[in-house]
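Here is the structure we will look at, set down as structure tokens.
Bear in mind that the values in this text are calculations on the coordinates, not laboratory data. All values reported here derive from a predicted model rather than from experimental measurement. Positions of Cβ are generated from backbone atoms using ideal geometry, with glycine treated the same way; all protein chains shown enter the neighbour counts.
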Amino acid sequence: MQSGNCLDEGGVVFFESVGNGVLEQGATRISAYSMNTHYLELIWYKTLAELRAESAKAYIGFIWWIVEPVIYMATFFVIFGMVFQKGGEGFVPFLLSGLVAWKWFSSSVNNSANSISKKNAGIMSQVYLPKYIFPTISVITNTIKFLVVFAFLLVSLMLAGYLPTMAWLALPAVIGVQFVLVMGLAWLVSSVVPLFPDSRLLLANIMSLLFFCSGVFFDIGKVKGTLGALMKLNPVAVLLENYRKILIGGEWPDWGYLGLALAIGLAVLWWGLRILQRYDRIYPKVLI
């Protein structure tokens, strides 16, 4: 009987220990969930604050989000469509569909490069925040502006005679792949620039090269041979081509190359996050 009592007592202790462990793990998970929810809310409210601040800088407010890219696209149309007389019939929709997507990409990456900077050093030294929050805010801000401009692009294309087809149902997939790629590159450049400030100059040159190698002004499908195959490895060029396939050609996207672009985006996303996590506590010291 005494032995049984010992077993009973041991069993009680064992189950109490296991129960406490489960409760601790549950509390940890709830705490982590609450913290992640708090960070998501912070990103959203900070994004809205950024958008309000930008609209407050101009007399016409948020309408500038549309006017600014329209001026941007009109400039390139005058240069390439009128001065150099490139393209031909259908060149305007072709150019606009590429420039809208490119503007989202370039603005997000360039703005994210300066997201972990001295202007945020104060808050980083006072309150702990995961550093991925700062480039994420830049990406979400530019994504919202892109969606507004993209909606006007769709209306313009319909007025020009490019009516919606079943292939337009694939647009969310293409936008989603670009979002992953943009976020990945934003995390990567924002993780490197604070450690190596001169990399801003390198980034500017890379973006200029990418601008002219991504088919913004020409159809990469017409580039043959080895060069054409190499261009298909450029995820930005693949995205622009698929936007045009859907919007102008009424065709379904190339799922194979779109999957490749997604894989590249996920790889860059993982790489950028790893660097941000590794130097998470170092950035505030570097920026002082």
**Asked** Where does each of 107-113, 207-213, 236-242 land if you order them by average Cβ count within 10 Å, highest first?
**Response** 236-242, 107-113, 207-213
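Output the pairs from K57/K285; K46/K245; K57/K118; K46/K232; K131/K245; K46/K103 with a Cα-Cα distance over 27 Å in this structure; if there are none, say none. Display every interim value, and only then the final one.
Values: K57/K285 32 Å; K46/K245 35 Å; K57/K118 22 Å; K46/K232 36 Å; K131/K245 37 Å; K46/K103 22 Å.
Going by Cα-Cα distance, K57/K285; K46/K245; K46/K232; K131/K245 fall outside the 27 Å limit.
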**Request:** Between R281 and F91, take the C-beta separation as r, use R0 = 41 Å, and let me know the FRET efficiency to the nearest 0.05.
**Result:** 0.20
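For the range 58-287, just run the numbers: alpha carbon Rg, then divide by 2.2 N^0.38 Å, N being how many residues it has.
Ratio of Rg to 2.2 N^0.38 Å for the range 58-287: 1.07.
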**Message:** How many angstrom lie between the Cα centre of the range 183-200 and the Cα centre of the range 123-172?
**Reply:** 21
**Asked** Order of D219, D254 from fewest to most other C-beta atoms within 10 Å?
**Response** D219, D254
**Request:** Taking the Cβ of each residue in L99, L171, L269 as the centre, tally the other Cβ atoms inside 10 Å and list the residues starting with the fewest.
**Result:** L171, L269, L99
**Message:** Sort M166, M124, M231 by Cβ crowding within 10 Å, fewest neighbours at the top.
**Reply:** M166, M231, M124
